[in-house]
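Taking it in order: structure first as structure tokens, then the write-up.
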Amino acid sequence: MLLFRLASELKYGSRVWLPLTILYGIFYRVLVEWFLGVELPWKTKVGSGFRLDHGQGLVVNDQTVIGKNCHMRHTTTIGNKLKPDGTYSGSPVIGNFVDIGAHVVILGELKIGDRAVIGAGSVVTKDVPAGATVVGVPARVLKVCDRPEPATEC
């Protein structure tokens with residue numbers, strides 16, 4: 001995450017930093033994406049407090065927006081999908097304090113509400129309401145809680 005945050009900061013730097021930005025971009029892509037297997041493009045908007053456990057196999061589309069204090073696990077894919085007319089959909093917008101299990105697939109222009117929990121192995125293709133727990137293929141809502149705090153159980 002440190003390498004991602006540094007890359008994100010360089011992306012918005014001035015033209016003076018352009019050569020450094022290009023060199024760091026190459027370094028980031030080779031080390032993080034190719035060797036570590038974490039495809040988290042530095043153009044992706046990721047909020048503060050993002051936590052990634054065992055990032056190997058992670059693939060995130062660069063147009064995805066991830067809120068603050070989200071928790072994500074390995075072999076997760078988040079991105080757009082090919083529409084019948086041959087164009088691509090938008091990418092997901094993930095709210096704050098969202099907990100995403102391992103082996104999850106989130107595809108399409110959808111919104112994951114704040115404090116949602118997505119169970120391991122789920123395939124999400126529709127919006128997830130705030131506070132919902134979803135599981136399955138395709139993902140279905142098990143329960144919706146109005147959690148006042150992200151860490152509280154309902």
Query raised in the report: Highest GNM mean-square fluctuation, the chain, Cα pairs closer than 10 Å: which of ASP114, ASP85, ASP127?
Result: ASP85
Query raised in the report: For the chain, modelled as a Gaussian network with Cα springs under 10 Å, which listed residue fluctuates most, SER48, SER91, SER122?
Result: SER48
**Report entry** Cα-based Rg / Dmax (Å) for region 44-116
**Finding:** 11.9, 38
Requested in this report: Just need the Rg to Rh number for the chain, please, alpha carbons only, Kirkwood Rh.
Outcome: 1.00
Query raised in the report: Mean separation of Cα pairs under 8 Å and 6+ residues apart, divided by the residue count of the chain: what relative contact order is that in percent?
Result: 13
Query - Computed E for LYS45/ALA120 - FRET, C-beta separation, R0 22 angstrom, nearest 0.05 - result: 0.30
Report summary line: Probe 1.4 Å, heavy atoms of protein chains only: per residue, the accessible area of the chain in Å² is 57
**Report entry** Chain lengthening between ASP53 and ARG5 when straightened (0.36 nm per residue, less Cα-Cα)
**Finding:** 15.7 nm
**Report entry** Summed residue charge, Cβ within 11 Å of GLY79's Cβ, Lys/Arg positive, Asp/Glu negative
**Finding:** -2
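The values are calculated or read from the model by the stated rules, or taken from the named source; none is laboratory data. As the structure is a computational prediction, the values presented were derived from the model and not from experiment. Cβ coordinates were reconstructed from backbone atoms using ideal geometry, including for glycine residues, and neighbour counts include every protein chain displayed. Ligands, DNA and RNA are excluded from the accessible area calculation, which covers all protein heavy atoms including side chains. Shrake-Rupley method; radii C 1.70, N 1.55, O 1.52, S 1.80 Å.
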